[in-house]
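Inspection log for the structure reproduced underneath, given as structure tokens.
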Amino acid sequence: MAIKRLVDVAGATALLILSAPLWLIIAILVRLDSPGPALFSQQRIGLHGRPFTLFKFRTMRQGAEQEWQPPDASELDSYIFQDDGDPRITRIGRFLRRTSLDELPQLINILKGEMSLVGPRPEVPEIVALYEPRMHRRHAMRPGLTGLAQVSGRGTLTTGETLVLDLAYCEEWSLRLDLAILGRTFCQVVGQKGAR
């Protein structure tokens with residue numbers, strides 16, 4: 001785990017330096033496309049069930065998160081969080097999501113120790129509140145910028161399918177698995193496979 005953390009810090013630092021010129025361009029495009037701030041922050045649940053503030057480039061119109069309604073507990077297994085046709089997503093937001101550039105600010109979360117390069121994607125408290133006890137095992141690992149679920153279906157998996165993969169990752173974790181997931185993530189982002 002110490003090596004995993006060193007890889008996180010080194011990787012996030014390198015990516016932050018390499019992507020720095022993009023941040024200003026993306027911020028300007030987001031602001032020009034729709035009113036509101038360029039960055040979006042939201043509470044997510046992280047390591048050991050502790051909440052933290054996740055950062056992204058804004059991909060929806062300002063205040064859109066207030067229109068979202070969480071599913072009922074009976075709907076959780078079949079629930080898909082992302083909707084390709086969501087009218088709240090802005091024009092530049094669709095591009096940012098398709099290329100995963102909206103996730104770049106989470107490099108800050110990684111450097112702060114709240115996230116990892118690889119791990120289960122952090123969920124919102126409203127979804128975590130619906131978890132059965134066994135599902136909380138996914139919080140044994142730092143949430144990731146990418147993860148096993150993302151390279152196995154990206155935005156097309158149901159919450160139930162995602163949870164199965166997240167639990168499998170936590171139980172089978174190894175540095176080799178992390179490297180494999182990072183490699184598959186790069187291929188998917190370049191090919192925009194399964195992007196939403």
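Quick grid of which residues meet (1) free of Cβ contacts under 8 Å to residues at least 60 places away in the same chain; (2) closer than 21 Å to GLY11 by Cβ; (3) assigned to a helix (DSSP H, G or I):
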residue: ARG97; (1), (2), (3): no, no, yes
residue: PRO120; (1), (2), (3): yes, yes, no
residue: MET135; (1), (2), (3): yes, no, yes
residue: ARG142; (1), (2), (3): no, yes, no
residue: ASP166; (1), (2), (3): yes, yes, yes
residue: LEU177; (1), (2), (3): yes, yes, yes
Test LEU47 against the criterion of being surrounded by 14 or more Cβ atoms within 10 Å (Cβ to Cβ), touching a His at 6+ places or on another chain (Cβ under 7 Å) and over 22 Å from ARG88 (Cα atoms), and give yes or no. yes
Please state which of the following conditions GLN62 fails to meet, knowing it meets all the rest: (1) in contact with a Pro (Cβ under 9 Å, 6 or more places away or on another chain); (2) not in a loop (DSSP other than H, G, I, E, B). (2)
Mind checking whether some residue in the range 36-45 is modelled with pLDDT of 95 or more, part of a loop (DSSP other than H, G, I, E, B), over 30 Å from LEU179 (Cβ atoms) and touching a helix residue (DSSP H, G or I) at 6+ places or on another chain (Cβ under 7 Å)? yes
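Among LYS4, LYS56, which is under 23 Å from ARG138 (Cα atoms) and either surrounded by fewer than 13 Cβ atoms within 10 Å (Cβ to Cβ) or touching a helix residue (DSSP H, G or I) at 6+ places or on another chain (Cβ under 6 Å) (or both)?
Testing whether each residue is under 23 Å from ARG138 (Cα atoms) and either surrounded by fewer than 13 Cβ atoms within 10 Å (Cβ to Cβ) or touching a helix residue (DSSP H, G or I) at 6+ places or on another chain (Cβ under 6 Å) (or both) leaves just LYS56.
The values are calculated or read from the model by the stated rules, or taken from the named source; none is laboratory data. Quantities reported herein were computed from a predicted structural model and do not represent experimental measurements. We place every Cβ from the backbone using ideal geometry, glycine too, and count neighbours over all the protein chains shown.
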